[in-house]
2 protein chains.
Amino acid sequence: MYRELNLMTLLLTNDEVESLLSMPEMINELEQAYSDLANNQAINRNRSDTGIPRPDIDANYVFKSMEGGYPRRGVYALRISSDIIQWPSQGARQHRKEKLPALPGNRWLGLVLLFSVENGELLAVLPDGIIQRFRVGATNGLGIKMMSRQDSRRVGLIGSGFQAGTQAMAACAVRPIEKISVYSPTEAKRRAFALEWSKRLGIPVTPAASAEEAVAGADIVMCATNSMQPVINADWLEPGMHLSSLKRFEIPVECYRRADRVAVHTRLWEPDMQMMGEENLPDDSLWAQRKAANGIDWLDQPEIGQLTSGKEPGRTSDREITCFMNNVGLGLQFAAAGALILDKARRAELGRELPLEWFTQTVVS
Amino acid sequence: MYRELNLMTLLLTNDEVESLLSMPEMINELEQAYSDLANNQAINRNRSDTGIPRPDIDANYVFKSMEGGYPRRGVYALRISSDIIQWPSQGARQHRKEKLPALPGNRWLGLVLLFSVENGELLAVLPDGIIQRFRVGATNGLGIKMMSRQDSRRVGLIGSGFQAGTQAMAACAVRPIEKISVYSPTEAKRRAFALEWSKRLGIPVTPAASAEEAVAGADIVMCATNSMQPVINADWLEPGMHLSSLKRFEIPVECYRRADRVAVHTRLWEPDMQMMGEENLPDDSLWAQRKAANGIDWLDQPEIGQLTSGKEPGRTSDREITCFMNNVGLGLQFAAAGALILDKARRAELGRELPLEWFTQTVVS
C-alpha cells in the first residue's frame, strides 16, 4: 500500500491547471463521480458559509468550505475560500455579491486541498479559480448531455461574465453545436465575448440585442448570470428546448412549471449558512419554504447522478421541455477535478513540490 | 488596512508550537473567546466527520473539519484532520478508536489553517497535535476555574494517556493544587505518568491502585480517558467536588443526576457525522435521543461561555457538586490558540515563511 507513495505535496498554479484541464475529460470524470454518488460510492459534506460582519468597510468576511470523497480515484477534496464580500446595490442588480480582491496584489484566496483516501496524505494544493469555472460548466454540460435533444445545434446564452465561456465550451463538448447567440445587458461586453469565443470554439458566436432574440430558435438555453431575478420569459419556450441554469432565480417560476422534466444538481439544495450575531438556529419552516421555492418541490426532482446512473430518464421525447438547475456546488466536483488534474500534472511533471513532512506530524491529535 | 500586511504564510512545527504555548495564557485566551461567543462576538462552524469505508484494511478513512472565527484577534481558523481510523475490539475497551500513523514515517495529518478576517489571507499553517492537547486541557481548566471550589487542593485523575498531562497542567494553572492521584488500568503506565508529571508540575503525582482510590479525598475529579464506558461511580462523590470530563460516557448517569450543577462545552453537542454508504439523512428522533442521553437534557445546561461571561453562575456554595462536560471541540478553540501562537511566533521570529502568493490567485472564483 505504501509502495508508490509520493512524498511530496504538489502545488499548482491556475495557469498549470488550465493547461491540464479539458472540458470533455472534466465532463466524463464528473459523470463517473455523480454515478458513484448515486450508487453510494462517493460522498459529500455540504458547503458551509460562515460570515463575520465587517461594518468598518460595509462588508462581510466569509469563509466557505465544502468537501467530497471520490474513492474510485482514491481522493478526498476540501475546497475553501476566504473572502471579503460586499453586496453593493446597483439598481436592478441589487444583491449581486462581489468578492473584493482584498489580498496584496489584488488577489483572492480560494484553494482545493486534495487528500489520499489510501493513507491520508495531502496530495496537492490547487487554486480553485479555473477548476471552479470548469466544474460549473461541466456540470451544466452533463445536464445537456443527459437532458437535451441529441441533435441540439443552437445555443442561446444569457450572460457573458466569468462563467459564460465554460458554459458555451461545455455545450459544444456534448452536442453538435453550430451557433451560439449571446445576450448580456452591456453591449460592449457581449460583443467582446462573441469575438473571443467565436475564435476559441471555432463556431459563430453572435451578440443578440435582447434575451428574447438570443433564445429565439435555440435548442438549448443556458443562463449563466449571477442575477437574483429572472432573465428569461416562459412565453419564449418552444417544444424540445432544454433550459440550463446556475442560479435558482435566473429562470422564472412559469418556466419550471411548463417544463416536462426538471432535474437538480443536488438535493443538498443550498449551503449551511450562518452569520455572526444573527439568529442561526435551524428553522424547519424556513427550510420547507426554501425547498418549495418557485412553486415546485425541488427535493422531489431527480439529482444529476440519478440521470447519469440511469435510475431516471433525462428526456423521453423530442417534444419535451427539460430543465437542469445547477443549484449549489458539491465538494465531490473538486475531488473529481482534482484527481484528473493530479494525474495529468504528475505525468507532465508540472507543479512545485513541497515536502509532505511540512504538513504531517509525529504527534497524534 | 493593508499597511501592516504580512506577505508570508507562517509554517510552524509542533516543537515550535510547544515552545510558545503556555497553559495559563491558553486558558485566558479561551476565557475571552468563549465570552465573545456568548456575546455573539465570535462564531463556530460545527465539526463534521465524513467517512469512507476501507474494508480492505478493516478501517475507515475519516476527514474531520471544524471552523471558528475570533474577530477580536482578527482570525478565522480551519482545523482539519485526514486519518485512517480503526475501531479495534479489545475486550472491555471495545470501540476505542485508533488513528493509524498511516503516513510515511509513521506520521499523522492534522492541521490548523489560520486566516485573516481583515483581508482573507492565509496567515499560518500549524500542526494540530500540541494545540489539541492544550485546548482540551485549557477548556477543562476553565471549567475548573468557573465551577470548582477556589480552595481545591487535590485532584483525582483517571487516565494517563495523551490528554491526561495537559489536564493536570490546567488544574494547576487555576487552583492551588498540592497533590494529584492518578489511576489508569495499566500499572506501568500510571507509574510512568506519575514520575514524569511530578517533575513537570513540581507537586507530588502518585499512582493509585484503583479509580476509587484516586477519587477518594479529591476536590476535583478529572476523567481524561477515551473510554466509552463509565470510569467512576456515583457512590464515590462527596459534597463540594467538581467533576470534569472529556467524553460523555466516562461519567455515569447517576453522577450527572446527583450533580447540583452541570455545564457543557457547547450546545452544538456533537459533530455532524456521515459515512459513505450509510443512511445519513437527518433523523430528528435520533437527535432528540442523543440530546437527552444519560437521562439529562444536555441542551438545557449552560455552555462554558455563559459561565465565563457571567450570565450563569458556575457554583453558588462550597457544598455543591459541579460537573463540566467537554462534549465536543470547537473551531473557535483553534482560532484562539492560533492567534496566541501566531503573535508569539512573530515576536520570537520562529517558523518557516512561505510566499503568501502560493496560496492566492488573480482569478476570482
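State, to one decimal in nm², a quarter of the convex hull surface area for the C-alpha atoms of chain B, i.e. the direction-averaged projected area.
Spelled out: convex hull of the Cα atoms, projected over all directions, averaged, 20.1 nm².
Of all the C-alpha pairs in the stretch B:147-325, what % are more than 24 Å from each other?
39 percent
Sort A:C255, B:C172 so that the residue with the fewest other Cβ atoms within 10 Å of its own Cβ comes first and the one with the most comes last.
Starting with the residue having the fewest Cβ neighbours, the order is B:C172, A:C255.
Quick one: compute the contact order of chain B, relative version, from alpha carbon pairs under 8 angstrom and 6+ residues apart, as a percent.
About 24 percent, as a whole number.
Given axes a ≥ b ≥ c from the Cα gyration tensor, I'd like to know whether the stretch B:115-186 is rounded (a/c under 1.5), prolate (a/b larger than b/c) or oblate.
Because a/c hits 1.5 or more and a/b fails to exceed b/c, the stretch B:115-186 counts as oblate.
Residue by residue through A:74-85, how many Cβ atoms from other chains fall within 10 Å of the Cβ on average?
Whole-number average of other-chain Cβ neighbours for A:74-85 is 4.
Which angle between 0 and 90 degrees, to the nearest 10, do you get for helix B:129-147 versus the longest principal axis of chain B when only C-alpha atoms count?
Helix B:129-147 and the main axis of chain B meet at about 50 degrees.
Could you grab the relative contact order for the stretch B:132-190? Cα pairs under 8 Å, six or more apart, rounded to a whole percent.
Computed value for the stretch B:132-190: 43 percent relative contact order.
Under a 10 Å cutoff between Cα atoms, tell me which one of A:A208, A:A263, A:A138 has the largest fluctuation in the Gaussian network model of chain A.
Ranking A:A208, A:A263, A:A138 by mean-square fluctuation puts A:A208 first.
How do A:R319, A:R47 line up, fewest other C-beta atoms within 10 Å first?
Listing A:R319, A:R47 from fewest to most nearby Cβ atoms yields A:R319, A:R47.
Name the residue, out of A:S181, A:S48, A:S245, whose mean-square fluctuation peaks in a Gaussian network model built on chain A with Cα pairs under 10 Å.
In the Gaussian network model the winner is A:S48.
Tally Lys/Arg at +1 and Asp/Glu at -1 over every other residue whose Cβ is under 13 Å from the Cβ of A:E212; what's the total?
Around A:E212, the charge tally is -3.
Shape call for the stretch B:1-151 from the C-alpha gyration tensor, a ≥ b ≥ c root eigenvalues: rounded (a/c under 1.5), prolate (a/b greater than b/c) or oblate?
Because a/c hits 1.5 or more and a/b fails to exceed b/c, the stretch B:1-151 counts as oblate.
What number comes out for the charge environment of A:L12, summing +1 per Lys or Arg and -1 per Asp or Glu over other residues with Cβ under 15 Å away?
After counting each charged neighbour, the total is -3.
What average count of beta carbons from other chains do you get within 10 Å of the Cβ of residues in A:350-357?
Whole-number average of other-chain Cβ neighbours for A:350-357 is 2.
For label points placed 7 Å from Cα toward Cβ, what is the shortest-first list of nm distances from B:D318 to its copies?
Computed spacing set for this position: 9.3 nm.
For B:31-40, what's the mean count of beta carbons from other chains sitting within 10 Å of each residue's beta carbon?
Average per residue, whole number: 1.
What nm distances, shortest first, do you get from the label point of A:G161 to those in the other copies when the point sits 7 angstrom along Cα to Cβ?
4.9
What's the Cα-based Rg to Rh of the stretch B:309-365, Rh via Kirkwood?
Dividing the radius of gyration by the Kirkwood radius yields 1.25.
Report the calculated FRET efficiency for A:K179 and B:N40 (r = Cβ-Cβ distance, R0 = 45 Å), to the nearest 0.05.
Given R0 = 45 Å and the Cβ-Cβ separation, E is 0.25.
When only C-alpha pairs under 8 Å and at least 6 residues apart count, what is the relative contact order of the stretch B:147-325, in percent?
Relative contact order here is 24 percent.
What are the nm distances, shortest first, from B:E254 to its equivalents in the other copies, labels at 7 Å along Cα→Cβ?
Inter-copy label distances (nm, one decimal, shortest first): 7.2.
In whole Hz and in residue order, list the ³J(HN,Hα) couplings for the stretch B:34-43 that follow from phi through the Karplus curve 6.51 cos²θ - 1.76 cosθ + 1.60, θ = phi - 60°; x for Gly and Pro.
5, 5, 4, 4, 5, 9, 6, 10, 8, 8
Per 20 Å bin, what percent of the C-alpha pairs of the protein assembly as shown does each bin hold, from zero upward?
Cα pair-distance distribution for the protein assembly as shown, in percent: 17, 47, 28, 8, 0.
Nearest to the axis that maps chain B onto chain A: list the chain B residue whose Cβ wins, with the distance in whole angstrom.
B:S65, 3
Given the -39500 (n - 2.57) contribution per DSSP H run of 4+ residues, what per-residue ellipticity at 222 nm results for chain B, rounded to the nearest 500 deg cm²/dmol?
-9000 deg cm²/dmol
Evaluate Rg over Rh across the stretch A:156-220, taking Cα atoms for both radii and Kirkwood's formula for Rh.
Taking Rh as the inverse mean 1/r over Cα pairs, Rg/Rh reads 0.91.
Read-outs: derived from the displayed coordinates by stated rules, not from any lab. Everything quoted here is computed from the prediction, not taken from an experiment. In this analysis, Cβ positions are derived from the backbone assuming ideal geometry, glycine residues included, and neighbour counts consider all displayed protein chains.
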